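Enquirer: My questions will all concern the structure given below.
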Amino acid sequence: MDNLINYTLRIADNALILGQRMSQWCSNGPTLEEDIAMVNISLDLFGQANGFYEYASSIDGNKSADDFAFLRSEREYFNNLIVEQGNGHFGDTIVRNFLFDTYSVLFYTKLQNSSDDTLAALSSKSLKEAKYHLRHSSNWLIRLGDGTDESNKKVQKSLNDIWMFTGNLFEMDELDTDMLNKGIGIDNSLLKSEWDKKVNDTLSSAKLNRPEDGYMQTGSKEGIHTEHLGHLLSEMQFLQRAHPNAKW
Amino acid sequence: MQNGNTNKIWELLNTVPDPEIPVISVVELGVIRDVKFTNNSFLILITPTYSGCPATKTFQDDISSCLKENEITNFELKIKYDPPWTTDWMSDSTKEKLRKYGIAPPSNIVICPQCNSKNTSLISEFGATACKSLFKCIDCLEPFEFFKCI
Ligand SMILES: [Zn+2]
């Protein structure tokens, strides 16, 4: 049971943390339309996170979805490192989201066949939204990469800087293997070749060079994060920490 | 107290408007998947449009108050995620209501709700609510909302 809760939390945490990042664009978008787009994506992600946290809460029987979202410390979050990376400029955000959205679509496509009915149902729902998000991020990536010299240079740098967080997406640990053997979870490592192909296709349309797979940062499965997560949590959790059990 | 007449419940639900697009009801939107009567209680199964759609909470409250106003208290609302909501569940007459309201209904071809021109172009994949994107008409130049196909 603990494994199933933690497996579910990994999925929920990815959605929550990226959702929080996207919400930070609210009122800071480059245009009104993009502002609205990013906040809409944020809302979808929060909704997905809520579904998975509610499920974790129902298995746990003790903690609520909000407890999971707001009352854990940094070491107890299991989101992939890439989603906690800062928004940077608009191109940085687009590159980060594009790499993660591509993964997300492949991940949910597989997980919708989980032997766990709830995970399967939540995945087929999330998949529809993830596809839409991918359409948004890949269209922008092509526009920026194949735009001006300056926009191309900027997103190429975004890509080079964030690349070392992509390896983490395809890792398998004991918990993943246990879930895979039970027919509940999926094999992340098998998503890599399809991800490579999709990413390479879009990068070539965007006239961007794929960075080499060099050093890859790891740690999220043990709750070891980059310095960005703590700052994000301090903002996100402030209200619940300062006024415990505050209700909206 | 109702004696298990699910048709009556459907009738009442059909009077509850979508909080964001009040010209259609929650039934027409396709989010009410089933109404069952078991153990002396109505079970209403709801499938949200988008995971984070803020209207989901609002229309659940609206449904509860509508039923209570009609002296029905033996009911339970339950979220059902599978199969996921799709615009395919919208009937042609519902789509026509959207068009008259000024929102281009879900379709493969985006038609301007003002002048019926098919000569339209995308402004943004996202609009004022989760379910809509933004288009403009090349012929009459009016911007308009398009109900996204999902
Ligand atoms: Zn027109």
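Enquirer: Which entries in A:K128/B:K148; B:K8/B:K36; B:K57/B:K78; B:K57/B:K100 show an alpha-carbon gap greater than 20 Å?
Expert: Details: A:K128/B:K148 12 Å; B:K8/B:K36 12 Å; B:K57/B:K78 12 Å; B:K57/B:K100 27 Å.
Over 20 Å Cα-Cα: B:K57/B:K100.
Enquirer: Moving to a separate point now. Can you list the aspartates and glutamates whose alpha carbon is less than 18 Å from that of B:K136, not counting same-chain residues fewer than 8 positions off?
Expert: Those aspartates and glutamates meeting the cut-off are A:E33, A:E34, B:E125, B:E145.
Enquirer: Next question. Would you mind computing, in nm to one decimal, how far apart the modelled labels at B:N7 and B:L141 are, each placed 7 Å from Cα along Cα→Cβ?
Expert: Those two pseudo-labels are separated by 5.4 nm.
Enquirer: Work out Dmax and Rg for segment A:118-248 from the C-alpha atoms and quote the Rg first, both in angstrom.
Expert: 18.5, 51
Enquirer: Here is a further query. Spin-label point model (7 Å from Cα, Cβ direction): what's the A:S205 to A:D146 distance in nm?
Expert: In this crude label model, A:S205 to A:D146 measures out at 0.7 nm.
Enquirer: Starting from the exponent 0.38 and prefactor 2.2 Å, build the expected Rg for segment B:17-93 from its residue count and divide its actual Cα Rg by it.
Expert: In units of the globular-protein estimate, segment B:17-93 measures up at 1.09.
Enquirer: Under the rule of -39500 (n - 2.57) per DSSP H run of 4 or more residues, summed and divided by the residues of the protein assembly as shown, what mean residue ellipticity at 222 nm is obtained, to the nearest 500 deg cm²/dmol?
Expert: The helix-only estimate for the protein assembly as shown comes to -16000 deg cm²/dmol at 222 nm.
Enquirer: Per residue of B:46-56, what is the mean number of Cβ atoms on other protein chains within 10 angstrom of that residue's Cβ?
Expert: So the per-residue partner count for this stretch is 5.
Enquirer: Of A:L106, A:I142, A:A121, which is farthest towards the positive pole of the protein assembly as shown's charge dipole, taken about the Cα centre with +1 and -1 on the beta-carbons of Lys, Arg and Asp, Glu respectively?
Expert: A:I142
Enquirer: Okay, next question. Taking chain B as a Gaussian network, where each spring joins two C-alpha atoms under 10 Å apart, which residue of B:P113, B:P83, B:P48 fluctuates the most?
Expert: Checking each option, the largest mean-square fluctuation is seen for B:P83.
Enquirer: Which one, A:N97, A:S220, B:S64, projects farthest toward the positive side of the charge dipole computed for the protein assembly as shown from Cβ point charges (K/R +1, D/E -1)?
Expert: Toward the positive end, the furthest listed residue is B:S64.
Enquirer: Just to make sure I understand: if all protein chains stay in place, what is the order of A:D213, A:D35 by accessible area at 1.4 Å, largest first?
Expert: A:D213, A:D35
Enquirer: Another one. Strictly greater than 19 Å: what percent of every Cα pair in segment B:90-147 meets that?
Expert: I get 18 percent for the Cα pairs in segment B:90-147 exceeding 19 Å.
Enquirer: Which percentage, to the nearest 5, of the DSSP beta bridges contained in the protein assembly as shown is antiparallel?
Expert: On the way: 16 of 23 bridges.
Of all bridge pairs located within the protein assembly as shown, approximately 70 percent are antiparallel.
Enquirer: Would you tally the net charge around A:K63, using a Cβ to Cβ cut-off of less than 12 Å, leaving A:K63 out, and scoring K and R as +1, D and E as -1?
Expert: -4
Enquirer: Also, quick follow-up: Return the carbon/sulfur percentage of the accessible area of the protein assembly as shown, one whole number, probe 1.4 Å, all protein chains in place.
Expert: Looking at the protein assembly as shown in its full context, I get 50 percent from C and S.
Enquirer: Send over a whole-number figure in Å² for the accessible area per residue of the protein assembly as shown, probe 1.4 Å.
Expert: 46
Enquirer: Give me D for the protein assembly as shown in µm² s⁻¹, whole number, from Stokes-Einstein with Rh from the Kirkwood sum over alpha-carbon pairs, 4 °C and 1.567 mPa s.
Expert: Working: Rh = 22.6 Å.
In µm²/s, the coefficient rounds to 57.
Enquirer: Also: Taking every DSSP beta bridge with both residues inside segment B:6-85, roughly what % is antiparallel (nearest 5)?
Expert: Roughly 60 percent of the DSSP beta bridges within segment B:6-85 come out antiparallel.
The values are calculated or read from the model by the stated rules, or taken from the named source; none is laboratory data. Worth saying up front: this structure is predicted, and the values here are computed from it rather than measured. All Cβ positions, glycine included, derive from the backbone under ideal geometry; neighbour counts span all protein chains shown. Keep in mind that these areas ignore ligands, DNA and RNA; they rest on the heavy atoms of the full protein, side chains included. Shrake-Rupley method; radii C 1.70, N 1.55, O 1.52, S 1.80 Å.
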